[in-house]
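This report concerns only the one structure given below.
The values are calculated or read from the model by the stated rules, or taken from the named source; none is laboratory data. Being a predicted model, the structure only gives us computed values, none of them experimental. We place every Cβ from the backbone using ideal geometry, glycine too, and count neighbours over all the protein chains shown. Surface areas here come from the heavy atoms of the whole protein model, side chains and all, with no ligands, DNA or RNA. Shrake-Rupley method; radii C 1.70, N 1.55, O 1.52, S 1.80 Å.
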Amino acid sequence: MAQYLLSVHGNDEQYAAVPPETMQEMFAAVGAFNERLQSDGVWVFGGGLESATTATVVDGAGDRPVVTDGPYLETKEHIGGFWIIDVPDLDKALEYAAAGSKACQGRVEVRPFQAEPEA
Amino acid sequence: MPTAGAASSTTAEVERVFREEYGRLIASLVRRFGDIDIAEEAAGEALVAALEKWPGSGVPPNPGGWLTTTAGNRAIDRLRRENQRDAKHRAAAMLHDDTPHEPTGPVEDDRLRLIFTCCHPALAPEARIALTLRLLGGLTVAEIAQAFLVPETTMAQRMTRAKKKIAGARIPYRVPSAEDLPDRLDAVLAVLFLVFNEGYLSTGPGDAVRAELTGEAIRLARVLHRLLPDEPEVTGLLALLVLTEARREARVRDGVLVSLAEQDRGGWDRRLVAEGHALVRECLARNRPGRYQLLAAINAVHTDAPTAADTDWSQVVALYDRLLTIDPSPIVRLNRAVAVAELDGAEVALAEVDRLVAATPALASYHAFHVTRAELLRRLARSAEAREAYDAALAATDNTAERAYLTRRRGELVVDERPG
């Protein structure tokens, strides 16, 4: 089994423009998808994130940590939420990513976690 | 089996056998060891062993089996040396997996498995084709780079990146499920077509025609056709490949390429022609045309004509017009221009070809573009320009038979010019 990060990429402005009833449908669809991940036994963790404007970046590489307001990258699209799933291979991960993307109506990036180092 | 006299010819023989067996070897090693890099390294070591051993002992009766066994042993040795608990555990398990080498049967599926892994949609399209040519076709990185008109280092990086992604993202090694199969097919078909083309007009300076590659593409296309009898494009591709393969023997005479018009049609493989025509009829009955089906239909028109003069060129142009609605590429337009020359004359065709290169300057590095121009200029008796075009075509191809043909055609121009 391998763990994959399914991250939802979206645009805050576009999300803000979604009418409330559509948003309700989306929440229901994502809730159903979460339940499916859990009943399939592939769920590790997942959750929605607050808007990217609430992000703070910490750079601890120097002598003193430097704290700055805002997301790491100045882009229009940010991670809006994510799931971590545990499945046998990429085909399975892509299948869940497609279902997750449909549920939240956003693009989902699939990234494998590094394999556990051998004991 | 007799050994070749000179050591150099034995080396060539070993390399030929190795290349012929490469796809089968890699596919079975990947299945056994679950890792492409291990498979490639072990295959490379088996080649070194063969180069040491075969010149003295001769090529063994079942060279593929010898290479598979040797490569398997080398891979196990390597895993043991790495001395990791997991590796040891795997190696121990593998010792019991003495899958015998079989030329047919499950081995075919191994290669099919590998082709679907190489053509996975999570890989960049150009990487899919490159990986398949390398791992199944046994082409070198240099040959693939040439086929794609990119520098060798670029191609090597592309391949390394793709293999890392297969391992890191866990792209599975299997034939996709029935529901995913149609979607995954397009890339596989494109790959088989390119593998065939590489064999049919080899880019390298070695053998002009590499029957092991055309044969390999057809073999894999047949497997796909058996697996997916109702996918019209699979049928179309197989039809296209067998109709092209049918002309292979007549296409090179004494090391010189023979153009379609000059080919001895009695030398065509009638069995393959009949098979191809039956497949094209199957496609027509289904009436869901696609790129490969249309190319096959064009080839069916050619192979249907008892002589070149009997070719139904209006039908050929009509089929190219349909093809352009699906695939409006400069290569299709170039091929259409060749048919237009037969129908409307060389002048009209040349104007079209010159418009094409103005719109797509990259065509100028494509040898077939210069060949087409040279032939059209020759017909228009513009010998000096034709000679330049033959020179440009010669500069753009390493294929020995094509070079011989182009040199001959260019030479004939000089004679034509003397009276003037």
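Which angle from 0 to 90°, rounded to the nearest 10, does the C-alpha axis of helix B:346-359 make with the longest principal axis of chain B?
Relative to chain B, helix B:346-359 is tipped by roughly 50 degrees.
Calculate how steeply helix B:7-33 sits against the longest principal axis of the alpha-carbon atoms of chain B, using the helix alpha-carbon long axis, and give the answer as 0 to 90 degrees to the nearest 10.
70
Under a straight-distance cross-link criterion of Cα-Cα below 22 Å, which lysines are reachable from A:K76, leaving out those fewer than 8 residues away in the same chain?
List returned: A:K102.
Describe numerically, in nm with one decimal, the distance between label points set 7 Å from Cα along Cα→Cβ at B:L324 and at B:L343.
My value for the distance between the label points is 0.9 nm.
Scan around B:T311 for amide H atoms under 5 Å from its own, H built in the peptide plane at 1.01 Å from N, and keep only partners 5 or more places away or cross-chain.
none
If I model a spin label at A:D86 and B:T11 as a point 7 Å from the Cα along the Cα→Cβ vector, what separation in nanometres do I get?
For A:D86 paired with B:T11, the spin-label model returns 5.4 nm.
If you average 1/r over all unlike Cα pairs in segment B:321-420 and invert the result, what Kirkwood radius do you get in angstrom?
It is 13.9 Å.
Just need log10 I(q)/I(0) for the protein assembly as shown at q = 0.07, 0.11, 0.12 Å⁻¹, Debye formula, equal scatterers on the alpha-carbon atoms, no solvent, rounded to two decimals.
Each listed q corresponds, in turn, to -0.54, -1.12, -1.24.
Largest first, how would A:H9, B:H370 line up by accessible area (1.4 Å probe)?
So, going from the largest accessible area down, we get A:H9, B:H370.
With r defined as the distance between the Cβ atoms of B:Q315 and B:A274 and R0 fixed at 25 Å, what FRET efficiency is calculated, to the nearest 0.05?
Efficiency, from the Cβ-Cβ distance: 0.80.
When ligands, DNA and RNA are left out and all protein chains stay put, how many square angstrom of accessible area per residue does chain B have with a 1.4 Å probe?
The answer is 46 Å² per residue.
For B:R174 and B:V150 in one chain, what is 0.36 nm times their gap in residues minus the Cα-Cα distance, to one decimal in nm?
Net length gain for the segment: 5.6 nm.
Suppose we look only past 38 Å in the calculated P(r) of chain B. What percent of the Cα-Cα pairs does that tail hold?
27
Using a 1.4 angstrom probe with every protein chain in place, what is the largest-first accessible-area order of B:I26, B:I326?
B:I326, B:I26
Chains B and A: what accessible area do they bury, summed, in square angstrom to the nearest 100, with a 1.4 Å probe?
By this definition, chains B and A bury close to 900 Å².
List the extent of the Cα atoms of segment A:2-112 along each of their three principal axes, largest first, rounded to whole Å.
46, 37, 18
Using a simple spin-label model with points 7 Å from Cα along the Cα→Cβ vector, what separation in nm is obtained for B:E52 and A:S51?
Roughly 6.9 nm, to one decimal.
Mind checking A:108-115 for the average number of partner chain beta-carbons within 10 Å of each residue's beta-carbon?
Counting other chains' Cβ atoms within 10 Å and averaging over A:108-115 gives 2.
Order the following by accessible area, largest value first: B:L131, B:L194. Probe radius 1.4 Å; ligands, DNA and RNA are ignored.
B:L194, B:L131
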